[in-house]
Structures are given as structure tokens and as C-alpha cells.
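Trainee: Encoded as C-alpha cells, here's the structure I'll be asking about.
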Amino acid sequence: MARVFEYFVICGIGPEIRSLDGIKGFQGTGVMYTPFFLDQFPPTNKALYPPPPPQLPTCVLPAGVEFYSSGLDLNDVSTYPRSYPIVLTEGDGSKIYVSCIAFRDPVSEDIADAYRIPPNSFADKCICLVSRSPSFFVLRDALEELFTLCFSPTGSSKPLWEIIAHMVMNVPLPTPGRDRVLFAIENCLLSVDVPPKEGLPHADISFQPIVQCLDVDNLIKLFTAVLLERRVLLRSNKYSLLTLVSEAICHLIYPFRWQHVYIPLLFFSGVDYIDAPTPYMMGLHSGVDTSGLAMDGVVVVDLEHNHIITSEEIPPIPEPEFGFLRGEIMKLLYPKVVAIDQMKVSFGGTSELSLRGSSKSWGEEHDIQLRLIFLRFFASILSGYRNFIENSATHGFNSQAFLKKRSRSTNQPPEPMITQFLDSQGFMDYLERCISSDDNANNLLDKLQDAIGRGQNPAGILPSPLAEPEFITISDPSVGITGTGAKYCNDRFPSNIRTEEQEEKRRAILAAASGALDHSGKHTPSSPSMLASKDSKAESLSPRERAAERERMVLDIKVKLQGLWLRLLKLGATDDPLASFEYGTILALIESDAEGIGGSGFVECIREHIHSGWSCRLTDEQFIAVKELLKTAINRATSRNDMSTVRDALEVSAEMYKKDSCNSSDYVQRHLLALSIWDELRFWEGYFEYLMERSSNKLANYVTLVVAQLIVVESHMAGLGLPDTEAWCMIETIAEKNNIGYKQFIKLRGLLSLIQQRRLNYWGTSFGKSQSFSSYGLPSPRSQDAADESQQPAEASGVGRSWVQSMFSRERTDSFSRVPANENVKNTASPRKPELPSSVQKKVQSSVRVLRGHTGAITALHCVTRREVWDLVGDREDAGLFISGSTDCMVKIWDPSLRGSELRATLKGHTRPVRAINSDRSKVVSGSDDQSVIVWDKQTSQLLEELKGHDAQVSRVRMLSGERVLTASHDGSVKMWDVRTDTCVATVGRCSSAVLCMEYDDSTGILAAAGRDAVAYIWDIRAGRQMHKLLGHTNWIRSIRMVGDTVVTGSDDWTARIWSVSRGTCDAVLACHAGPILCVEYSASDKGIITGSADGLVRFWGNEEGGIRCLKNVTVHSASILSINAGDHWLAIGAADNSMSLFHRPQERLGSFSSTGSKVAGWQLYRTPQKTLAVVRCVASDLDRKRICSGSRSGLLRLWEATINI
């Protein structure tokens, strides 16, 4: 049974006296001393809950303990007891609520005698009630009643500690929304209840202090700073104000949660923590001096003088939400002023306007109204946010599309405040909780948005309180029993009964202190007897005191590391980080710390900096320093068997990077391969178990969860550069222990090979340690009857396909060891060029040209066929244009026939990257991230029309007959436009998420589109109806091809599907790839399907033996296949590694007969040019002229012409 009260605790001066500076012994009055635990109930060994946190004494007495010559003086307010709440946050984010009363209590006689403290002295003492329930009022009332009863002149009927014990052990936590628990402390009756879970979170505080301390504008400014996760410091000379205002602001940002450091009442000696670089919300007494701190970027809120100071601008809340928020708060606080111009009597003279808020004092109703105002603010500013939660494995939020939608509705550019808020950890945490079905049922934000949309009262979303809650009375059976009638009176707060062990320890400490004072005049401080007494005092620390001391030391080291880390990142290009003071100090902290605080603190410091929004990019010099520091931290952690630090270092190393000479990201993780810990299976097993425990998606299928976490492990193995064989051996061992199925084994093996393959494409083989190359020499799984396969180049990656053989071997763990070592070296030492037939080698050599003109990455390419350019350049043999779009926002037209001056025109008009291009005989149409579609005159290069109407970036465009344009967008819509009138004729189709691919048959009016919702849609535009909704894929559909009655789709679920347009059914599932299928093609002449995947394979599919089978694999390419274009006799393929290939299928002789399968398998490699290093984004081909053009990330176009007379 959960209880309201966990512990009753007393803190103050114990048998050992030590100043805040660490000097032991009594130093006189005017010096602040360290508080310690004195008593608690129940004892830790008999409690149902974890013990109170060791830092509790320091937090409840933040200024420390002071000695006084007198106690309570009714004429001196400074001597009065102080009652205040505090909130402590544990490592897992859970909160502990503590009610405190600090007062002056007489010093115990034995302590005064041992330390020679003047008689009749007093010292600060604090009694506390500790709870996990935020029931501030009952905690305060119960504690104040106990304090009053202790010092009551009439005394209590029982010993005070018996009353405390009964209260702590017997008062249960009431059922939310149902029960009210009644209990008594002597003659005082108290009650506690908890509101229903379906309503606003339990906040047993008054919001009146925050609105009284801050005016409306400053309240909104503080709210904005907290929402944007700034460093916020509250200042006041009243402890209660600091805690109540901190808690109030945390409740006002509901449904979001504060995700960072939260210390509502900071102890005075921890003032240095204010310079910590990470976001925090802390409260500090206004009497503490902060003049020596930098305070850069800290939002300082002076609650005493209603003043906010910050060196960094806080972006304001945009309109109309700011006006609404300010107006509603003003109505709540000053109803008479706001309604001063309103008539008190209606025109009918029957009713008076309600101004109840003006005459009622602040109460619970006002608290609820204030919280609803801020919740309505979130409902307005996040209107429609659920439509932008992406339907993917990670359920990301499309903030760019959301901001664009808001910009259109407000007719304003994206506001910085909303942009920063969408990037905050609080918003990300909320999205993760939204995905959980448990939270969805009680999501008040969604309920409020629905209620506002239906025109209902916003207050209706809150559950109605029960008229008569069920009362649970807790009675003390010993009360009322006839006895002596004795009364227990106290002149000080009594101590609990100590055990013999506790009493013996107390006497030993006091005896040591008294002996040290007796001998202080006979020995110098450095004498052996003095040192021995110091050692005995150190050894006399209780485990709890040692834990508190260690925690203070850990915090001190972490703060120092944070400052050193930030200064290390600010070193200039001319500074040598390895010779800097910052690097040397961090290295010393890591190497000299036997407990590992320095290493773990350094890694944690980097992680917090990453979470605060750091871009993670390092300069070359910083990269070297960080790499060496991480290596040292990992080595030290390995020697201590501190796997948590090694694990955290692995994760942060995968985030930090520098840019190499090719402007590619080089991550720190790749340079840590030489460390021996990565070879140990126990580390990866422990890391996998950690990922499973950390996973927030506990409701997912177990097998799915295991596979997802193993994929994370694979990504780190590949990032380090572990050999493929060793990595798979460890992955396979972990997978087998978790009993996953064979299909999941294939998926894991394929993904590991894919990641390794992409790394090898750029970085090559890692030589950080000796490794086996056996996995790279395995033969590819080629068909036995495909004679031409022996002529494929050896540079086709064996890594990308080695999983097939390992999967189908009887003993998968030994599958790689069966390849002879000398054969491996032969196959991997130097890739050989394709052994082309001699007839091919005699043909005209290929020609490759580099076209320069763009200054940004190429994002769209379109080939204009000879038929399309007839009206422009005539029927020339070399007619044909390429049109490119780029992140530089420009569209360029290239004429390959003009050698040396290929750039024909530059079209300027877009303001964001160009994503889609199409054309007809006279016009060019382009779509962009700026949500616009522009139609250009192809001959004059003039902008004809700008079509606006989409609510997100345009992903596909298509010119149709009759001066019409078809466009698709990430807003899920497909629109048809009339170029002549510059209007949207109709929204011909709508998907539930972003449209990524689209096909249209102008002869039949059939439109097919698909995208992120994993559904393919078929519409009959001419009939104005949706024909089919094709369900079957489980991930994004990236490619679609429609020919006649057949639609082919390729998806990120590693499958392609063949559908019937007329029937709306799936005719076949093509599932042999080991990666997402990025392009599909339909060969009309032989009715075959061709698929290209991220695994680097091109597969040919055809009808054979009554079904569709994979008849041929092409292994020429070693990176993702981006484009496949098939004609009657020619086939062009382009890949992401800038490799291209042209295939030819000879014409059949007259009268010859062959099956479809033999036709598909008849494609033969005609030519592939020499590959140069580049990262390609898009590819287009012109089969008429046998040209292939690729656009790279660097902005260059590479045009390959395999010219030959057929």
C-alpha cells in the first residue's frame, strides 16, 4: 500500500561539527557549518522506500547551520521558525517533495561539552516530511501541527515520536478522484485527496504567488524562457517563493515537461553551478553574491522586484497567440479593469454581467482557470500538429511542413520562438509520450483541440468532481484508552531512541573531538597524534555522510569539466589543443581519478552539450584533442570495468565529426577502432541489454524490439570499422540468444552488409587492427545458367551480398572461415576491371564530360528526349537536353551537343532547393521546397506562371497535354493546374502523408501516387474518383511505375509489389533485396520487372514456371541504385557512387521463339565508364543517344556518352 509520508527526518548539527569550508571543530558563531542527518523514521533498514537522498541535509538547510547565543525571541522576526517546501529531482527524473520547518534548537549538552561550545547555545535544526506525492498542503499542515504539538505548553498525550510513527506508517495515499483520507494529529483533523488522473496533473500549490510576484508581461517572458529551455535563475529572499514559482511554471508548460536540471532551492555553496552551460531551472536566495560569475545567457528573474535580466534575447510569442494569452490572463487577474466599459445590466434588464472573479479571493478555481489559459495557448499554437507526426519507425515530427502550414495561415514567416520550441527536448519528449496508447487516452491537449474545433466549452474537458468522495478515516487505537493522563512536554525537539550501536558511535566521535581539543596546546598540527585524530574523524563518517561528500565532489568535478570543455571548443585555429591548459587539465582529471569520476564526467559533459543543441562539428585541431581524450577515458573505464562510461563514449563518438577535404563528415567513432574493448562479446551483450532496458517502446512486439536494438548495435560496429566477419559473429550470437526468427536473421545480415558497404565505398578498409578479409572474397550468388555473369567486374562488392551465403550455410558462424585465405587476398587486393567481350572492346571509346554551373548539390535531373526538343533545335541526330535543379535554387538547361558551352540557360525564380523537374515541347516546370511550382518557356527561358497552393515542399511535377500541370507535395495532395489561367483546377487526389512518387497515364487518365504512408493510391482523374487503395507495404514507397494495367511499387520494406490497376489486387511480391528498393522499371517489350536497391544490386524479374522469379542479378554497382531506364533494346542504370552502366539486348532474329524469362535474362552489359569518387544524388538517361547524366552533392554533373552506330 502506498503511503502519503515516506520519512520523517531531522537535520542539523550532529556529533561531528565541520564548517562549510571543511574545517572540523567549532569555529565560533558567525561561521556556517555543514548539516547532517540526525534522526529519521522509519529507519532505513525497516522502510518500504529507498532511503532519503544523501544531499537532503544540504538542501533543506541551504545556507548551512549557524550557532546562536539565544533562541526564539518574539520581538525579533529573524528568530521565528521558517516553513517552506523544497523539491528534489533524482537521476531518473522523479521528484521528491519535502516540507521543512527550520528553527533554532538548543545544542545538546554532550556536543557542547565535547566542542567547548558556550552553554545555552542554539543552532539551526530542520524537521522534514518526505513524500513522493506533490501534496504540499497536507505535508505543510501535518509538519506544522507536529511542531506546534512539540512545543505546546499543554503537551501531547503520547511521546512525540509515537505520534510521528503512527502518522507515517498508517496514512495511505488516496485513490485519485475517489477517496479522501482523514487522519488526526492529537486533536487536529487533517485530510488528503488526489484529483482524477483524467484531469490536469496534481498540483497541490497555489498559483497566486507567481502572478503576484510578476506582472503579466514578465510572467509570459519567464514562461517563454522555460519553454525554450534557457538557463533560468530565480532570485528571492523567501525560500517558499523559489519553490512555489518553480513548481507553478512547470505546471503552466503542461503537457510538456522540464527535461533538464531542476533545483528550485540551490544550497548557497553550490553557487558555482550557475555557470554550467546546460539548460537548468534553479532558485537562489537573493542574499547570495553572484558578482564573480559570468552569468552569460542566464535569465535572472528577480521575484522581489518583478524584474527579468538576460544577456540573450528571448524570442517573443507570436501573434495572435500572444494577444490571446495576455488578454486572458488580464481578464483573470483584473476582471473589473478589463470589463470597466461593459454595462452591468443587459438590455432586457433581467441579468447582471458575471463579475464573480472580481469579488472572490484567489482560490482553486482561479488556479484551474490559469492553467486552462496556458493549455488553450498550446492548443492554438500547435493547431493540427498531429498531422505532421511522420508514419515511420521513429515517428518523427515534420517541423518544416508544420512551420510552412502555420506561415500560410498567419501570412507571416516562420517565427523563431516556435522554431526553437519544436527543436526542444520537451517537445520531443511529448511526441514520444503521444505515441504511447496509455497517454493518448488522457491527452488533454488533443481533447482541448477537439473541443475548440466543435465549439464546446474548453472547461468541459476536465472531469467533474465527485459529489461525495468516499471517506477513509485513519484512527489511532491508543487514543481514548484510560491511563495516567500524563502529558509530554518538550523544551527542544526530542531525539528518537538510538540503538546501542548508534549511541556507541556517537560517544566515540565526541570523545575523539574532546580529546583533540585537550591536546591541541601540546602538539603542532602536523604531529602524529593530531594526524591520527584527523584520520579517526575521517573514518568516523557514516556511509550516508560519505555518500553526500562524494556527491558534492562529483558535482564539483563535473562543473569544472563543463567549463574546460567549453573553453576547449573556443580555441582558435592557430592554437594547439594538445598543448593547451584545457586539454592538459581534462586529461589529468581523467587519468588521476581512481574512481572514474573524471572520465565518466567528461563523457557526460559531451552528452549534455549534444542534448543542448550543439551541432557536434569540430575543427581539425579540436578533433584530434577530443579523439585522444575519449581514447584515454575509454581505456581507463575499461580497466575499471566501467562499461557504462565506455557505452556512453561510444554513443557520443558517433555524433561528433569534422569535415574532410571532400566536405564529407568524418566521425570520431571511426578513429577508435584500435581499442581492444570492441573485440569483446561481453561489451556488446551488455550494450544490447542496456538498449533493451532503455527502450521507450515497451509495448512493441518482442522480436521487433530485439531487431531494432540489434540494428543500433550494428550501426556502431560499422561506424567503428569492425571487420564484417567479426561484427556478424557477435551480432549472430546475441540474436540467437534472443530466439529471433530466420527472416530477422536475414534482415540483420543484409543491413550490416549494407552499412559496411557504404562505409567501404568512401573510407575503404579500416586498418586500425589486424583483420580478416575473408568476407570480401565470397562469390556473389549468381545464377548458374547466366553465362554472361562471369564477365562482371570484381569491384562489385562482395560485402553487400556475403550475407546470402552465410545465411544458407548449415553453420552460419563458420561460413566465412571456409574460404581459403589466399583466395581472399587475391579477390580483395586490387579490384580488376570488367572483362568485356572483345567485340565490345573494339567499339568507340566512351566519353565523360563534367558540367559545372551549380553552386549547390544537384537535387533534380530530367532528360528531354529528342521528340520533346523537335520544335526547339530540329530533328538533329544529337538532339536532347538535360535539365537540372539544385539546392542553389536554380534550374539549368544543358545541351550536350554544344561541347565546351553545354549550359544553354539558367532559370531563376525559386527561393528554396528545387526537387522536381519535367517538360514538354515548349515548357519546363519545376517544383521546390518553397512550396511553389514555376512554369518556364523553354525557348526564351522566361518565367510564365508561378503556381501556389501546396502547403509543403513539392516532390513531383508532370506536364500534361492541354496546357495542364500535375503536381504532388509533402502535404499529401496531388493537384492539377491550368497554366493558361494560373489556377488549380482540382485536387485530384489526397494521401494521408507526403507523396514521394507519382505516375500518370495521359491516354487513360489514370493516376498512381504513393509515399510515406506506405499506401499506393489509384485515381481515375477523368471520372473524378478514387479507384483503389493498395495496401501491403509496411514502409515508405519510394518508386512507382505504371504501364497499361500494371503498377509496380518499390518500398523501404525491401520489397517490390506488382499490382493490377483494374482489379486493385497485388499479383506478386518481389522480395530478394537486402535494402530499400529505390527504383523500379517495367520493360514493356518483354514484360519484365527490373528493381534497384540500396544493397547495390539490380535484379531482373520475369515469368518462369508459372510464377514471377528473379532471373538475373547485376553486380556491377556497389552503392544504392538511383535510376533505371529501360527501352526496347537499351537499359541505363545509375548508382549513388557515381557508377553508371549501359545494357543492351540484341534484336531477335525473325522467326525466333523465346520465353519471357529468356528475354529478361538476355540483357547484356554493354559498357560502364571508369568510376570517379563522388556522392551522387540523382541520375537521368537518354536512351536514344545512349547518354547518362549524374548530379552529385558537390554540384557537378557528369555526362557519359557511350556513342556508337548500331
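The values are calculated or read from the model by the stated rules, or taken from the named source; none is laboratory data. The structure displayed is predicted, hence computed values, not measured ones. Virtual Cβ from ideal backbone geometry, glycine too; neighbours counted across all protein chains shown. Quick note on the areas: whole protein, heavy atoms, side chains included, nothing else; ligands and nucleic acids left out. Shrake-Rupley method; radii C 1.70, N 1.55, O 1.52, S 1.80 Å.
Trainee: Tally time: how many residues in the stretch 1045-1062 are outside any strand (DSSP E or B) and either without any contact (Cβ under 8 Å) to a residue 12 or more places away in the chain or among the aliphatic types (A, V, I, L, M) (or both)? So that I can check it myself, show each step before the final result.
Mentor: Keep residues of the stretch 1045-1062 that are outside any strand (DSSP E or B), which gives 1045, 1052-1055, 1061-1062.
Then keep just the ones that are either without any contact (Cβ under 8 Å) to a residue 12 or more places away in the chain or among the aliphatic types (A, V, I, L, M) (or both); that gives 1061.
Looking only at that region, the number is 1.
Trainee: Next question, about the same structure. How many residues, within the stretch 156-186, are within 26 Å of Y84 (Cβ to Cβ) and not in a strand (DSSP E or B)?
Mentor: Final tally of qualifying residues: 13.
Trainee: Let me ask something else. If you go through the stretch 997-1013 one residue at a time, do you hit one that is over 24 Å from C1079 (Cα atoms) and without any contact (Cβ under 8 Å) to a residue 24 or more places away in the chain?
Mentor: no
Trainee: Follow-up question, since we're still on this one. Could you check the stretch 948-975 and list, in sequence order, the residues that are modelled with pLDDT of 90 or more and hydrophobic (A, V, I, L, M, F, W, C)?
Mentor: The answer is V954, V957, V965, L966, A968, V974.
Trainee: Next question, about the same structure. More than 28 Å from the chain's Cα centre (by Cα), modelled with pLDDT under 85 and either closer than 30 Å to I185 by Cα or of a type in the set (A, V, I, L, M, F, W, C) (or both): does that describe S475? Give the derivation first.
Mentor: Working: more than 28 Å from the chain's Cα centre (by Cα): yes; modelled with pLDDT under 85: yes; either closer than 30 Å to I185 by Cα or of a type in the set (A, V, I, L, M, F, W, C) (or both): yes.
Yes; evaluated as a whole, the condition is true for this residue.
Trainee: Inside the stretch 1034-1065, can you point out the residues that are open to solvent by 20 Å² or more (accessible area, probe 1.4 Å) and either farther than 16 Å from I1089 by Cα or of a type in the set (K, R) (or both)?
Mentor: Matches in the stretch 1034-1065: T1034, N1035, W1036, R1038, R1041, D1052, D1053, R1057, S1062, R1063, G1064, T1065.
Trainee: For the stretch 650-673, state whether one or more residues are part of a helix (DSSP H, G or I) and surrounded by fewer than 16 Cβ atoms within 10 Å (Cβ to Cβ).
Mentor: no
Trainee: Still on this model: Can you find even one residue in the stretch 249-270 that is open to solvent by 50 Å² or more (accessible area, probe 1.4 Å), more than 25 Å from D429 (Cβ to Cβ) and in contact (Cβ under 8 Å) with a residue 12 or more places away in the chain?
Mentor: There is at least one residue in the stretch 249-270 that is open to solvent by 50 Å² or more (accessible area, probe 1.4 Å), more than 25 Å from D429 (Cβ to Cβ) and in contact (Cβ under 8 Å) with a residue 12 or more places away in the chain.
Trainee: Continuing with the same structure: For the stretch 964-985, name all the residues that are open to solvent by 10 Å² or more (accessible area, probe 1.4 Å) and either touching a Phe, Trp or Tyr at 6+ places or on another chain (Cβ under 9 Å) or within 17 Å of I1037 (Cα to Cα) (or both).
Mentor: Once the filter is applied, which keeps residues that are open to solvent by 10 Å² or more (accessible area, probe 1.4 Å) and either touching a Phe, Trp or Tyr at 6+ places or on another chain (Cβ under 9 Å) or within 17 Å of I1037 (Cα to Cα) (or both), the stretch 964-985 yields R964, H970, D971, T983, C984, V985.
Trainee: Mind checking which pairs have a first residue in the stretch 273-287 that is under 15 Å from T89 (Cβ atoms) and modelled with pLDDT under 85 and a second that is open to solvent by 20 Å² or more (accessible area, probe 1.4 Å) and assigned to a strand (DSSP E or B), Cβ under 7 Å, 6 or more apart or different chains?
Mentor: Taking only residues 6 or more apart or on different chains, the pairs are T278/V261.
Trainee: Right, here's the next one. In the stretch 139-155, what residues are part of a helix (DSSP H, G or I), open to solvent by 10 Å² or more (accessible area, probe 1.4 Å) and more than 14 Å from L72 (Cβ to Cβ)?
Mentor: R140, D141, E144, E145, L149
Trainee: Also: Would you say V988 is surrounded by 16 or more Cβ atoms within 10 Å (Cβ to Cβ) and touching a residue at least 40 places away in the same chain (Cβ under 8 Å)?
Mentor: no
Trainee: Next up: Considering each of I1090, I1108, I1040 in turn, give the residue that is in a strand (DSSP E or B), out of contact with any helix residue (DSSP H, G or I) (no Cβ under 9 Å at 6 or more places or on another chain) and within 24 Å of K743 (Cα to Cα). Step through it out loud before you land on a result.
Mentor: Values: I1090 fails: out of contact with any helix residue (DSSP H, G or I) (no Cβ under 9 Å at 6 or more places or on another chain); I1040 fails: within 24 Å of K743 (Cα to Cα).
Step by step, each of I1090, I1108, I1040 is checked, and only I1108 is in a strand (DSSP E or B), out of contact with any helix residue (DSSP H, G or I) (no Cβ under 9 Å at 6 or more places or on another chain) and within 24 Å of K743 (Cα to Cα).
Trainee: Kindly provide the set of residues from the stretch 280-291 that are in a loop (DSSP other than H, G, I, E, B) and touching a helix residue (DSSP H, G or I) at 6+ places or on another chain (Cβ under 9 Å), ordered by number. Let's see the steps before the verdict.
Mentor: Start the filter on the stretch 280-291 by keeping residues that are in a loop (DSSP other than H, G, I, E, B), which leaves 286-291.
Once the filter is applied, which keeps residues that are in a loop (DSSP other than H, G, I, E, B) and touching a helix residue (DSSP H, G or I) at 6+ places or on another chain (Cβ under 9 Å), the stretch 280-291 yields G287, V288, D289, T290.
Trainee: Let me ask another. When residues of the stretch 927-942 are filtered for being surrounded by fewer than 22 Cβ atoms within 10 Å (Cβ to Cβ), at pLDDT below 90 and not acidic (D, E), how many remain?
Mentor: 4
Trainee: Checking the conditions here, which among P134, P52, P57, P85 is touching a Phe, Trp or Tyr at 6+ places or on another chain (Cβ under 6 Å) and in a helix (DSSP H, G or I)?
Mentor: P57
Trainee: Looking only at residues that are under 26 Å from S664 (Cβ atoms) and open to solvent by 10 Å² or more (accessible area, probe 1.4 Å) in the stretch 1121-1137, which one is modelled with the lowest pLDDT?
Mentor: Among residues in the stretch 1121-1137 that are under 26 Å from S664 (Cβ atoms) and open to solvent by 10 Å² or more (accessible area, probe 1.4 Å), the one modelled with the lowest pLDDT is D1137.
Trainee: Turning to a different aspect of this structure: Determine the pairs where a residue that is within 18 Å of E503 (Cβ to Cβ) and in a loop (DSSP other than H, G, I, E, B), located within the stretch 12-38, has a partner that is open to solvent by 20 Å² or more (accessible area, probe 1.4 Å) and modelled with pLDDT of 90 or more with Cβ atoms under 6 Å apart, the partner being 6 or more residues away or on another chain.
Mentor: G14/L38
Trainee: Give the residues of the stretch 480-501 that are exposed (fewer than 14 other Cβ atoms within 10 Å of the Cβ) and either outside any loop (DSSP other than H, G, I, E, B) or modelled with pLDDT of 85 or more (or both), sorted by residue number. Show your work before the answer.
Mentor: Of the stretch 480-501, the ones exposed (fewer than 14 other Cβ atoms within 10 Å of the Cβ) are 480-487, 489, 491, 495, 497-501.
Passing the criteria: C489, D491, S495, E500, E501.
Trainee: Another one. What is the residue count in the stretch 68-122 for residues that are among the aromatic types (F, W, Y), closer than 30 Å to S133 by Cβ and buried (at least 20 other Cβ atoms within 10 Å of the Cβ)?
Mentor: 3
Trainee: Then there is this: Going by what's in this entry, would R682 be described as buried (at least 17 other Cβ atoms within 10 Å of the Cβ), of a type in the set (K, R) and more than 20 Å from the chain's Cα centre (by Cα)? If you could, list the steps in order and put the result at the bottom.
Mentor: Details: buried (at least 17 other Cβ atoms within 10 Å of the Cβ): no; of a type in the set (K, R): yes; more than 20 Å from the chain's Cα centre (by Cα): yes.
Judged against the criteria, R682 is not a match.
Trainee: It is to be established whether one or more residues within the stretch 405-428 are open to solvent by less than 20 Å² (accessible area, probe 1.4 Å), at pLDDT below 85, over 25 Å from W614 (Cα atoms) and not β-branched (V, I, T).
Mentor: Checking the stretch 405-428: not a single residue is open to solvent by less than 20 Å² (accessible area, probe 1.4 Å), at pLDDT below 85, over 25 Å from W614 (Cα atoms) and not β-branched (V, I, T).
Trainee: Starting from residues that are among the polar types (S, T, N, Q) and touching a residue at least 40 places away in the same chain (Cβ under 8 Å), keep the ones in the stretch 41-67 and report whichever is most open to solvent (accessible area, probe 1.4 Å). Quick ask: steps written out before the conclusion?
Mentor: At the first step, the residues of the stretch 41-67 found to be among the polar types (S, T, N, Q) are 44-45, 55, 58.
If we keep only those that are touching a residue at least 40 places away in the same chain (Cβ under 8 Å) as well, we get 55, 58.
Numbers: Q55: 46, T58: 18 Å².
Here the residue is Q55.
Trainee: Can you tell me which of D341, D302 is within 33 Å of the chain's Cα centre (by Cα) and not hydroxyl-bearing (S, T, Y)?
Mentor: Answer to the selection: D302.
Trainee: Only one of these conditions is not met by N635: (1) open to solvent by 50 Å² or more (accessible area, probe 1.4 Å); (2) farther than 25 Å from S676 by Cβ; (3) of a type in the set (S, T, N, Q); (4) not in a loop (DSSP other than H, G, I, E, B). Which number is it?
Mentor: All conditions pass for N635, except number (2).
Trainee: Check every one of the helices (runs of 4 or more DSSP H) wholly within the stretch 323-383 and list those with 2 or more residues that are at pLDDT 60 or above and of a type in the set (D, E, K, R).
Mentor: 364-381
Trainee: When you go through (1) of a type in the set (A, V, I, L, M); (2) open to solvent by 20 Å² or more (accessible area, probe 1.4 Å); (3) not in a loop (DSSP other than H, G, I, E, B) one by one for A294, which number turns out not to apply?
Mentor: (3)
Trainee: Which numbered condition in (1) within 38 Å of the chain's Cα centre (by Cα); (2) farther than 25 Å from C863 by Cα is the only one that T967 fails?
Mentor: So the condition that T967 fails would be (2).
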